[in-house]
1. Residues that are of a type outside the set (Ser, Thr, Tyr) and touching a residue at least 60 places away in the same chain (Cβ under 8 Å): does region 1-20 have at least one?
2. Looking only at region 80-106, which residues are over 17 Å from the mean Cα position of the chain (by Cα) and either under 29 Å from Arg51 (Cβ atoms) or touching a residue at least 24 places away in the same chain (Cβ under 8 Å) (or both)?
Amino acid sequence: MSWVILVVSGILEAVWATALGKSEGFTKLWPSVIFAVTLIASMAGLAWAMRDISTGTAYAVWVGIGAALTVGYAMITGAEPFSIVRLLLILGLVGCIVGLKLVGPE
């Protein structure tokens, strides 16, 4: 269950990172609210998952999921340029995240 919570928390990290960018320095209400709510939920989930998953592994997986989804969303929406090299690098990041799960003692 800890891994499921960790993955959901990583997804929420991508949501709050995207909302933070769209809040334009907290000058827009709804992106700022979404940022605050998802930040709290993401951190709470990370903390909960770290009861069973080592800190280094949990943090790396959480950040990796958040980073991959954030840049992936930005490329899909056109906020960042798409390239095959970028896509391959994101896939490599996802492969490393999966590898941490497969080789971990948990």
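Just so you know, all these numbers are worked out from the coordinates, no wet-lab data involved. Source: prediction; values computed, not measured. Ideal geometry is used to build each Cβ from the backbone, glycine not excepted, and the neighbour counts take in all protein chains shown.
1. Yes, there is a match, as at least one residue in region 1-20 is of a type outside the set (Ser, Thr, Tyr) and touching a residue at least 60 places away in the same chain (Cβ under 8 Å).
2. Answer for region 80-106, where residues must be over 17 Å from the mean Cα position of the chain (by Cα) and either under 29 Å from Arg51 (Cβ atoms) or touching a residue at least 24 places away in the same chain (Cβ under 8 Å) (or both): Leu102, Val103, Gly104, Pro105, Glu106.
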